[in-house]
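Below is one structure, written out as structure tokens, with a few remarks after it.
The values are calculated or read from the model by the stated rules, or taken from the named source; none is laboratory data. From a predicted model like this one, the values you see are computed outputs, not experimental measurements. All Cβ positions, glycine included, derive from the backbone under ideal geometry; neighbour counts span all protein chains shown.
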Amino acid sequence: MVLNRYTAVRNDILRDAHPTVFAPVVLRDADSNYVPIPISERLVHAIWYEQRLTSNTLCTIDGRPVRVIFPGWWNVEAGPDFRNATVQIGDGPELFGDIEIHLRAEDWFQHRHEHDPLYNDVVLHVVLWESGTHRAPRTRHGDTLPQVALQHHLVVPLETLYDELDLDAYPYGAGKHGGNCVKVISRLSATAIAELLDAAGDERFAHKVSRFARWLHRAAPDQVFYEGWMEALGYKVNKAAFRLLAQRVPHDVLTEHRIHLAALLFGVANFLPSFTTKADNAQIKRLWNVWWKLRPDFADKILTPDTWRMHGIRPANHPHRRLGAAGALLKKHPDLMEKVVDATEGDGEIAKFFLHVRDDYWSRHCTLGGRLQAKPAELIGAARAQEIVTNIVLPFVAAYARTGGDHNLEAKAHSRYAALRGMEANSLLRLANRQFFATPAIARRFLKTERRQQGLMQVFQDFCLNDKSVCQRCHFPELVDRWAATRSEA
């Protein structure tokens with residue numbers, strides 16, 4: 001069989017990059033019409049998601065029966081493949097946690113999941129083939145995980161599943177994976193649904209306001225706002241690290257060292273080498289030439305390497321580049337808090353302060369000392385800027401106004417939030433859309449504002465992510481009935 005050029009190159013790259021994950025073909029016996037089919041973890045994900053398994057015989061490798069009550073939410077972010085699953089092993093209690101999927105049993109160790117805190121909540125290891133190691137997978141805390149090999153429990157042959165499952169459609173466009181919520185929410189009129197989502201969106205906003213209000217009791221407004229937007233630049237996996245860095249290098253210290261802020265941030269973040277005698281990168285040398293003078297005063301502030309998560313991240317979102325964006329933002333807007341407060345109060349464009357933030361080095365690099373990118377790229381894109389406005393700026397301004405007794409400014413922050421147009425759906429919102437609405441078109445009709453998108457995510461978090469019964473014992477129907485009753489009484 002002759003592979004086309006793309007296939008050959010692709011296979012070589014993936015074999016080298018992911019030797020335990022990528023298996024380009026599975027061969028049937030020569031006397032049964034040899035047919036090569038590509039097997040990937042994504043195919044196993046789809047099989048698990050659709051539960052194309054013989055549930056009456058499903059068991060762990062050591063022979064204990066397995067009952068899958070809920071296979072979990074398909075995770076497209078870093079960490080285990082399925083979140084918030086519910087399974088029962090043997091006669092034991094129901095287990096609520098995450099599912100990790102691999103092609104082979106030994107891949108758990110190849111990927112070093114036993115050392116990764118993101119996998120502490122895994123309750124079941126699912127593999128396609130039982131092969132290789134006889135070691136039982138363990139979490140970072142030493143807990144032994146039950147393990148299921150699917151090769152003996154498929155409802156039809158693997159080749160048939162490969163033909164039947166449209167892998168391009170997963171996880172958002174395949175099958176009917178919505179819950180009972182679709183039927184439940186249809187009990188309400190369109191107006192009632194809109195009002196429910198608006199109210200839930202206000203609840204989500206209020207949580208964020210309360211969080212900033214708590215922070216304002218322990219720190220100055222400039223510092224609180226700085227911690228907030230730094231956390232946002234950390235994205236999901238490095239949020240805590242960026243906020244900790246903002247606490248280790250406070251806003252007033254950065255103001256004092258304004259001309260050296262990049263070296264200070266990268267030094268305390270522990271992104272600079274301990275010496276540069278062999279370093280030939282000009283950017284590292286420039287930062288080091290400043291940092292070595294500052295280091296004695298900040299030695300006790302330096303973060304440990306395990307503070308940061310570096311793998312499983314898109315290059316443009318690497319913490320080096322995110323920190324480069326933070327430095328560029330601080331240089332461009334040293335009085336950023338005052339600017340966003342004034343813009344909120346005066347109906348100005350808030351997101352603009354986070355846009356067009358440029359740096360000669362970081363606009364063309366993803367990592368410190370990394371290769372030069374072909375084209376410059378925005379350090380903070382329009383979508384991220386709008387997310388910062390929604391999740392950081394407006395809740396902060398509302399909390400700041402409340403703390404200062406400025407009721408007009410607080411009301412203005414709320415009204416600006418209510419008027420925000422909806423953004424492109426993230427992975428959590430896409431999951432919620434499928435759970436609550438029969439079609440994407442219906443979801444779009446209701447989710448035209450950021451307030452309602454936030455409201456849907458709040459409902460999803462309150463009910464779906466806390467429900468372990470696959471909708472059987474969910475309290476969302478009760479919420480809908482009470483909501484309808486209160487509207488009729490009003």
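Going through (1) at pLDDT below 95; (2) in contact with an Asp or Glu (Cβ under 8 Å, 6 or more places away or on another chain) one by one, Arg295 falls short only on (2).
When the criteria are applied in full, Pro305 meets the requirement of being within 21 Å of Arg243 (Cα to Cα) and loosely packed, with under 13 Cβ neighbours inside 10 Å.
The set of residues in region 385-427 that are surrounded by fewer than 18 Cβ atoms within 10 Å (Cβ to Cβ), of a type in the set (S, T, N, Q) and in a helix (DSSP H, G or I) comprises Thr403, Asn408, Ser415, Ser427.
Do we find that Asp121 is modelled with pLDDT of 85 or more, charged (D, E, K, R) and surrounded by 19 or more Cβ atoms within 10 Å (Cβ to Cβ) in this structure?
No: the conditions fail for Asp121.
Give region 255-281 a look and list any residue that's over 20 Å from Asp360 (Cβ atoms) and at pLDDT below 95, or say none. Once the filter is applied, which keeps residues that are over 20 Å from Asp360 (Cβ atoms) and at pLDDT below 95, region 255-281 yields Thr255, Glu256, His257, Pro273, Ser274, Phe275, Thr276, Thr277, Lys278. Going by the conditions given, is Gly97 under 20 Å from the mean Cα position of the chain (by Cα) and either among the hydrophobic types (A, V, I, L, M, F, W, C) or more than 14 Å from Thr60 (Cα to Cα) (or both)? For Gly97, the condition - under 20 Å from the mean Cα position of the chain (by Cα) and either among the hydrophobic types (A, V, I, L, M, F, W, C) or more than 14 Å from Thr60 (Cα to Cα) (or both) - is met.
One line per residue, one yes/no per condition, for (1) assigned by TED's automatic domain parsing to the domain that holds Thr344; (2) under 28 Å from Trp229 (Cβ atoms); (3) out of contact with any helix residue (DSSP H, G or I) (no Cβ under 8 Å at 6 or more places or on another chain); (4) not small (Gly, Ala, Ser):
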position	(1), (2), (3), (4)
Ala374	yes, no, yes, no
Glu378	yes, yes, yes, yes
Glu387	yes, yes, no, yes
Ala411	yes, yes, yes, no
Ile442	no, no, yes, yes
Val459	no, yes, no, yes
Cys464	no, no, no, yes
Cys471	no, no, no, yes
Glu478	no, no, yes, yes
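Scanning region 104-142 for residues that are closer than 22 Å to Leu58 by Cβ and among the small types (Gly, Ala, Ser) gives Ala105, Ser131, Gly132, Ala136.
For (1) assigned to a helix (DSSP H, G or I); (2) farther than 18 Å from Ala328 by Cα, each residue gets a yes or a no:
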{"site": "Arg243", "(1), (2)": "yes, no"}
{"site": "Thr255", "(1), (2)": "yes, no"}
{"site": "Asn270", "(1), (2)": "no, yes"}
{"site": "Lys285", "(1), (2)": "yes, yes"}
{"site": "Trp292", "(1), (2)": "yes, yes"}
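When the test is whether a residue is modelled with pLDDT of 90 or more and either of a type in the set (Phe, Trp, Tyr) or out of contact with any Leu (no Cβ under 9 Å at 6 or more places or on another chain) (or both), Asp62 does not pass it. The residue list Arg430, Arg445 contains one member that is buried (at least 16 other Cβ atoms within 10 Å of the Cβ), in a helix (DSSP H, G or I) and at pLDDT below 95, which is Arg430. If the condition is being in contact with a Pro (Cβ under 8 Å, 6 or more places away or on another chain), part of a strand (DSSP E or B) and either under 13 Å from Val44 (Cβ atoms) or basic (Lys, Arg) (or both), then region 96-132 contributes Ile99, Glu100, His125.
In this structure, is Ile284 modelled with pLDDT of 95 or more and among the hydrophobic types (A, V, I, L, M, F, W, C)?
On the way: modelled with pLDDT of 95 or more: no; among the hydrophobic types (A, V, I, L, M, F, W, C): yes.
Judged against the criteria, Ile284 is not a match.
Looking across region 133-150 at every residue that is more than 20 Å from Val44 (Cβ to Cβ) and assigned to a strand (DSSP E or B), the one that is nearest to the chain's Cα centre (by Cα) is identified as Arg138. Could you tell me whether any residue of region 227-239 is in a helix (DSSP H, G or I) and without any contact (Cβ under 8 Å) to a residue 12 or more places away in the chain? The answer is yes, given that some residue of region 227-239 is in a helix (DSSP H, G or I) and without any contact (Cβ under 8 Å) to a residue 12 or more places away in the chain. For region 313-350, residues that are among the aliphatic types (A, V, I, L, M), assigned to a loop (DSSP other than H, G, I, E, B) and under 30 Å from Asn408 (Cβ atoms) total 1. Contact map, region 470-484: residues that are farther than 16 Å from Gln458 by Cα paired with residues that are of a type in the set (Lys, Arg) and assigned to a loop (DSSP other than H, G, I, E, B), Cβ distance under 7 Å, separation 6+ or inter-chain. Pairs shown: Ala484/Arg187.
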